[in-house]
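A.B. asks: I have a structure here, written as structure tokens, and I will follow up with some questions on it.
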Amino acid sequence: MARLDQLAEEWGIDLEILTQIIAENYQDFRDAKIVNNLFILHHEDTEPWFYEIAQGYITSDDKYKMNRKNKLEVFKIDQFIEKHEWDEDYHMSVFMHDLKWFKNDQDHNSLVRADYVYVELDRDGDLDKAIEDANKIVAQFPYHTGIKTWYSGNSSIHIGIPALYFGDPIVQQRKSCGRGKLFYNLAHMIGGNCRFDNDGFDPWLATKEQCEEEYKRLFDEEPPEDPQRLRQQLEHFDPNLYNFNSLIRLPLSVHPKAGLRKQEVLMPSLREDDPPIGPYLLHWTYKAMTPVKVPRKHKASANVTKNANFVEKFYLEHVEGFDPDDINGSGWVPTLYSPFYDDENPSVSICIDEGNEQFGWYRDFGNPDDSMDFYDFVAKIKNISRRKAKRYVKQYAQK
């Protein structure tokens with residue numbers, strides 16, 4: 001076992017060439033794959049893997065909700081799909097999870113893997129445009145065996161690229177899930193230039209100023225003032241599919257509003273005479289392992305920087321899954337669960353950009369009444385008054 005990128009450098013061989021040699025001899029190995037960044041020629045899986053299964057439904061007040069945290073062993077998923085009465089909406093987790101997650105689904109040191117690296121294309125209801133972009137992605141991808149494409153049942157197209165092309169990586173979810181991390185980066189290498197010919201510009205890993213400049217270049221008009229809307233106008237595909245708890249609709253499941261099934265469709269560009277699936281793109285995986293972080297333009301004073309470290313540390317202690325490295329282009333860490341109630345959907349975001357006037361804010365989009373600034377968050381967590389929370393922060397932030 002070894003890190004292939006380091007071996008290639010040591011041997012003086014191009015990583016892509018080494019990858020090709022391994023892929024051509026893949027059948028001689030026993031379940032070779034990447035495990036925690038190391039390439040293992042003969043890997044043996046001794047523990048089970050699990051999917052999360054969630055049922056979606058429309059409430060009496062026309063809101064969409066999900067029953068989550070149902071866990072199913074991976075080998076049972078095909079049987080589940082075949083035998084279920086498909087008149088309802090079901091989702092499965094994008095990632096397979098290990099036994100540690102099965103015992104505690106909030107353990108962010110658990111391992112994940114994936115059958116597919118997914119790309120979800122939604123073009124504001126324009127299904128023809130989504131199909132056009134999906135066909136472009138499939139045509140440009142170097143290998144076609146095993147690629148799946150589905151109509152979602154509403155207005156989007158889902159593409160699944162077999163993870164085996166990338167070495168079927170088994171990796172720690174904290175380091176590999178989320179924006180700018182392994183699976184997100186692989187998805188951008190697959191389809192990050194499908195919508196605009198702009199060298200894969202990623203609005204979610206760029207500053208607002210960079211997004212405004214790119215918007216003007218593409219559309220020759222003033223950009224939207226809302227930074228969220230601005231980035232959505234520039235994104236190539238859904239950026240939220242790569243968090244460790246993300247879900248994707250199960251094949252044959254019925255979309256609750258459109259009333260149509262998710263079903264497989266074939267792209268015209270899909271070749272049928274390609275070689276068997278193999279780890280031909282290990283070099284992509286090692287490149288994608290390097291995290292991509294959002295540039296922070298603003299430099300705070302020494303005192304604010306010290307307080308900023310305290311704010312991040314406090315949220316790390318009290319909000320499960322909070323990771324400053326998951327900051328998006330707007331300066332927020334998104335898709336978190338509330339520590340104040342049994343939160344079934346990750347709808348909390350926390351601002352940690354020192355240059356943002358909302359620095360330290362805790363926003364709960366699922367329960368807006370629970371949104372608050374940092375002092376109120378400390379007060380609520382500690383069950384003290386806001387005045388005492390300010391004294392607490394002043395006392396401990398200087399240490």
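A.B. asks: If Rh is defined by the Kirkwood formula over all Cα pairs and Rg also comes from Cα, what ratio Rg/Rh do you get for segment 115-156?
C.D. replies: That ratio is 0.97, to two decimals.
A.B. asks: In addition: Expressed as a whole number of Å, what is the distance separating the alpha-carbon centroids of segment 58-127 and segment 321-379?
C.D. replies: 24
A.B. asks: Could you calculate the FRET efficiency of I384 with Y57 from 1/(1 + (r/R0)^6), where r is the beta carbon distance between them and R0 is 30 Å, rounded to 0.05?
C.D. replies: Computed FRET efficiency for I384 and Y57 comes out at 0.15.
A.B. asks: Where does each of I81, I352 land when they are ranked from fewest to most other beta-carbon atoms within 10 angstrom?
C.D. replies: Listing I81, I352 from fewest to most nearby Cβ atoms yields I81, I352.
A.B. asks: Within a 10 angstrom radius of the beta carbon, how do H144, H158 rank from fewest other beta carbons to most?
C.D. replies: Listed from fewest to most nearby Cβ atoms, that is H144, H158.
A.B. asks: How much length, in nm to one decimal, is gained on full extension between Q27 and K100, taken as 0.36 nm per residue of separation minus their Cα-Cα distance?
C.D. replies: Stretched out fully, the Q27 to K100 stretch lengthens by 23.2 nm.
A.B. asks: Could you give each residue of segment 63-77 its phi-based ³J(HN,Hα) in whole Hz, using Karplus coefficients 6.51, -1.76, 1.60 with θ = phi - 60°, and x for Gly or Pro?
C.D. replies: 10, 8, 9, 9, 8, 10, 6, 8, 10, 9, 4, 4, 5, 9, 5
A.B. asks: Projecting each Cα onto the charge dipole of the chain (Lys/Arg +1, Asp/Glu -1 at the beta carbon, about the Cα centre), which of G146, S110, W284 comes out farthest on the positive side?
C.D. replies: S110
A.B. asks: Moving to a separate point now. What ³J(HN,Hα) values, in whole Hz, does the Karplus curve 6.51 cos²θ - 1.76 cosθ + 1.60 give for segment 265-279 when θ = phi - 60°, with x put for Gly and Pro?
C.D. replies: Listing the rounded values in order: 10, 9, 7, x, 7, 6, 7, 10, 10, 7, x, x, 5, x, x Hz.
A.B. asks: Apply the a/c threshold of 1.5 to the C-alpha gyration tensor of segment 302-397 and tell me whether it is rounded, prolate or oblate.
C.D. replies: Because a/c hits 1.5 or more and a/b fails to exceed b/c, segment 302-397 counts as oblate.
A.B. asks: Right, next: Go through K181/K216; K65/K257; K76/K100 and tell me which ones have a Cα-Cα distance over 22 Å in this structure.
C.D. replies: Correct reply: K181/K216.
A.B. asks: K136: which lysines have alpha carbons under 20 Å from its alpha carbon, excluding same-chain residues fewer than 8 sequence positions away?
C.D. replies: Straight-line reach from K136, under 20 Å: K148.
A.B. asks: Between Y362, Y215, Y341, which gets the highest mean-square fluctuation from a Gaussian network model of the chain, Cα cutoff 10 Å?
C.D. replies: Checking each option, the largest mean-square fluctuation is seen for Y341.
A.B. asks: Run the reach check for K382 against lysines, Cα to Cα strictly under 17 Å, same-chain hits fewer than 8 apart removed. What comes back?
C.D. replies: Partners found: K313, K390, K394.
A.B. asks: Which one, A258, A32, A23, has the greatest fluctuation when you compute a Gaussian network model over the chain with C-alpha springs under 10 angstrom?
C.D. replies: Among A258, A32, A23, the largest mean-square fluctuation in the Gaussian network model of the chain belongs to A258.
A.B. asks: Using the Cα centre as the reference, give the magnitude of the dipole from point charges on the C-beta atoms of the chain (Lys, Arg: +1; Asp, Glu: -1; all else neutral), rounded to the nearest 20 debye.
C.D. replies: That gives the chain a dipole magnitude of about 1920 debye.
A.B. asks: A further question on this structure: Which label marks the calculated value of volume of the Cα convex hull per residue in Å³, given the options (1) 165; (2) 176; (3) 281?
C.D. replies: Working out volume of the Cα convex hull per residue in Å³ from the coordinates points to (2).
A.B. asks: In the chain, with Lys and Arg counted as +1 and Asp and Glu as -1 at Cβ, which of these residues, F314, Y64, L186, has the Cα nearest the positive end of the dipole, that is, farthest along it?
C.D. replies: F314
A.B. asks: When DSSP beta bridges are limited to those with both residues in the chain, what percentage is antiparallel, rounded to the nearest 5?
C.D. replies: Of the beta bridges lying entirely in the chain, close to 95 percent run antiparallel.
A.B. asks: Further, regarding this structure: Go through segment 349-358 residue by residue and turn each phi into a ³J(HN,Hα) via Karplus (6.51, -1.76, 1.60, θ = phi - 60°); whole Hz please, and just put x for glycine and proline.
C.D. replies: 10, 10, 8, 10, 8, 4, x, 8, 5, 9
Quick note: the coordinates plus some simple rules give every number you see, no bench work behind them. Just so it is clear, the structure is predicted and the values come from calculations on it, not from any experiment. Because the Cβ atoms are built from the backbone with ideal geometry, glycine has one as well, and the counts that use them run over all protein chains shown.
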